[in-house]
Amino acid sequence: QLVESGGGLVQPGGSLRLSCAASGFTLDYYAIVWFRQAPGKEREGVSCISSSDGRTYYADSVKGRFTISRDNAKNTVYLQMNSLNAEDTAVYYCAATRRPYVLSLRPATYDTWGQGTQVTVSS
């Protein structure tokens, strides 16, 4: 099971840090991705991190503003989001796949999903 937390309401230009915590299994051998879905829009891959070597990848829309990281000791993956704007408003989901070398933003790659956390950017 994956559980996201850290969402909320933030003003434009603000920051949030999302957490994706695993229970019942160890994230050490899993590649992790963050997706988001805004109302009326398709699900968008935001960022992912491999397990084997910690490589990361970002969608162009968040590059330079978001940072993904993992703390295997805490069995948690984070998404630090800075310089937020209204277009970042969405439900954010994390997902996992037990393939350590994967680095992909394709939803079909992942087989374990969290329930999501709402991020709202508004003044």
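Quickly run through the range 24-56 and pick out the residues that are of a type in the set (Phe, Trp, Tyr) and either under 17 Å from Leu79 (Cα atoms) or in contact with a Ser or Thr (Cβ under 6 Å, 6 or more places away or on another chain) (or both).
Tyr29, Tyr30, Trp34, Phe35
Kindly list the number of the only condition in (1) in contact (Cβ under 8 Å) with a residue 24 or more places away in the chain; (2) under 24 Å from Ser123 (Cβ atoms) that fails for Gly40.
Here Gly40 meets the rest and fails (1).
With the structure loaded, tell me whether Asp60 is open to solvent by 10 Å² or more (accessible area, probe 1.4 Å), within 23 Å of Thr120 (Cα to Cα) and free of Cβ contacts under 8 Å to residues at least 12 places away in the same chain or whether it fails that test.
Spelling it out, Asp60 is indeed open to solvent by 10 Å² or more (accessible area, probe 1.4 Å), within 23 Å of Thr120 (Cα to Cα) and free of Cβ contacts under 8 Å to residues at least 12 places away in the same chain.
Can you tell me which residues in the range 78-109 are assigned to a loop (DSSP other than H, G, I, E, B), within 17 Å of Ile68 (Cα to Cα) and of a type outside the set (D, E, K, R)?
Passing the criteria: Asn82, Ser83, Leu84, Pro100, Tyr101, Val102, Leu103, Ser104, Leu105.
Among the residues of the range 70-89, are any crowded, with 20+ Cβ neighbours inside 10 Å, of a type in the set (A, V, I, L, M) and more than 16 Å from Thr117 (Cα to Cα)?
No: zero hits.
Take the residues of the range 90-102 that are under 18 Å from Leu2 (Cβ atoms) and over 13 Å from the mean Cα position of the chain (by Cα): which is least open to solvent (accessible area, probe 1.4 Å)?
Thr97
In the range 1-46, what count of residues is obtained for those that are in contact with a Pro (Cβ under 9 Å, 6 or more places away or on another chain) and open to solvent by 80 Å² or more (accessible area, probe 1.4 Å)? Spell out how you get there, then give the answer.
As a first pass, look at the range 1-46 and keep what is in contact with a Pro (Cβ under 9 Å, 6 or more places away or on another chain): 28-31, 33, 35, 43, 45.
The next check asks that each one be open to solvent by 80 Å² or more (accessible area, probe 1.4 Å); those that pass are 29, 43.
The total comes to 2.
Is it the case, given these coordinates, that Gly54 is farther than 16 Å from Gly116 by Cα and exposed (fewer than 14 other Cβ atoms within 10 Å of the Cβ)?
When the stated conditions are applied, Gly54 passes them.
The values are calculated or read from the model by the stated rules, or taken from the named source; none is laboratory data. It should be emphasised that the depicted structure is a prediction, and the values quoted were computed from it without experimental measurement. Neighbour counts are summed over all protein chains in view; Cβ atoms, including those assigned to glycine, are modelled from backbone coordinates with ideal geometry. These area figures cover heavy atoms from the full protein model, side chains too; ligands, DNA and RNA do not enter into them. Shrake-Rupley method; radii C 1.70, N 1.55, O 1.52, S 1.80 Å.
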